[in-house]
Amino acid sequence: MGWLRHWWPGLLWAAVIFTFSTRLFTSENTSRILIPLLHWLLPHAAKATLVELHHLIRKGAHFTEYFILSLLILRGIRAGREEMPLRWALWAILIVAAYASLDEFHQVFVPGRTPAVRDVLLDTIGGTVAQIAAALARSRHGACKHESAEASP
């Protein structure tokens with residue numbers, strides 16, 4: 001069961017994403033909260049602007065959910081190991097794309113939800129950007145360790 005130590009955050013986050021795909025988080029339901037909040041923040045904004053901002057927030061949530069999932073999947077794959085081969089990032093992206101596809105398929109059966117291929121693409125882009133960010137952070141971290149090792153007497 002040692003693997004669970006590395007995978008539980010990703011599994012928990014996948015369950016959170018699944019919850020976001022329920023009827024509770026339909027566009028109609030989130031608009032009841034977000035549009036009044038946006039109106040309060042932007043009292044002079046036109047109704048069409050508030051509706052567009054609501055749409056952008058929802059799409060941004062897709063990107064962010066899968067960005068996080070991708071990093072958590074990478075955490076599970078790495079299982080505490082230092083190395084980070086490219087194939088692990090590719091596996092994380094593949095798993096994100098598969099889960100995004102299953103999540104959209106799940107929405108076929110949820111009243112008020114509509115599956116969309118563009119959401120799978122957005123989710124996969126979020127997962128891919130997460131892997132790029134992780135690689136850049138790892139590269140930067142390695143460069144910092146290298147520089148501090150050279151600076152040591």
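The values are calculated or read from the model by the stated rules, or taken from the named source; none is laboratory data. Please read these numbers as outputs of a predicted model, since none were measured by experiment. Don't worry about glycine lacking a Cβ; one is built from the backbone with ideal geometry, like all the others, and counts go over all protein chains shown.
Is it true that some residue in region 67-83 is more than 18 Å from the chain's Cα centre (by Cα) and aliphatic (A, V, I, L, M)? Within region 67-83 (the criterion being more than 18 Å from the chain's Cα centre (by Cα) and aliphatic (A, V, I, L, M)), the answer is yes, since at least one residue qualifies. Of LEU94, LEU69, LEU86, LEU74, all but one fail to be surrounded by fewer than 17 Cβ atoms within 10 Å (Cβ to Cβ) and at pLDDT 95 or above; the exception is LEU94. Inspect all residues belonging to region 117-125 and state whether any of them is under 28 Å from LEU38 (Cα atoms), part of a helix (DSSP H, G or I), touching a residue at least 40 places away in the same chain (Cβ under 8 Å) and in contact with a Ser or Thr (Cβ under 6 Å, 6 or more places away or on another chain). Scanning region 117-125, I find no residue that is under 28 Å from LEU38 (Cα atoms), part of a helix (DSSP H, G or I), touching a residue at least 40 places away in the same chain (Cβ under 8 Å) and in contact with a Ser or Thr (Cβ under 6 Å, 6 or more places away or on another chain), so the answer is no.
Quick check on region 14-33. Is at least one of its residues modelled with pLDDT of 95 or more, in contact with a Gly (Cβ under 8 Å, 6 or more places away or on another chain) and either of a type outside the set (Ser, Thr, Tyr) or farther than 14 Å from ASP123 by Cα (or both)? The answer is no; no qualifying residue exists.
Within region 21-31, being under 25 Å from ILE95 (Cα atoms) and assigned to a helix (DSSP H, G or I) holds for ARG23, PHE25. With respect to (1) within 19 Å of LEU136 (Cα to Cα); (2) not in a helix (DSSP H, G or I), the lone exception for THR114 is condition (1).
A quick yes/no check of all residues on (1) part of a helix (DSSP H, G or I); (2) over 22 Å from LEU102 (Cα atoms):
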{"site": "LEU11", "(1), (2)": "yes, no"}
{"site": "ALA14", "(1), (2)": "yes, no"}
{"site": "THR19", "(1), (2)": "yes, no"}
{"site": "ILE33", "(1), (2)": "yes, yes"}
{"site": "LEU37", "(1), (2)": "yes, yes"}
{"site": "PRO43", "(1), (2)": "no, yes"}
{"site": "THR49", "(1), (2)": "yes, yes"}
{"site": "ARG58", "(1), (2)": "yes, no"}
{"site": "PHE67", "(1), (2)": "yes, no"}
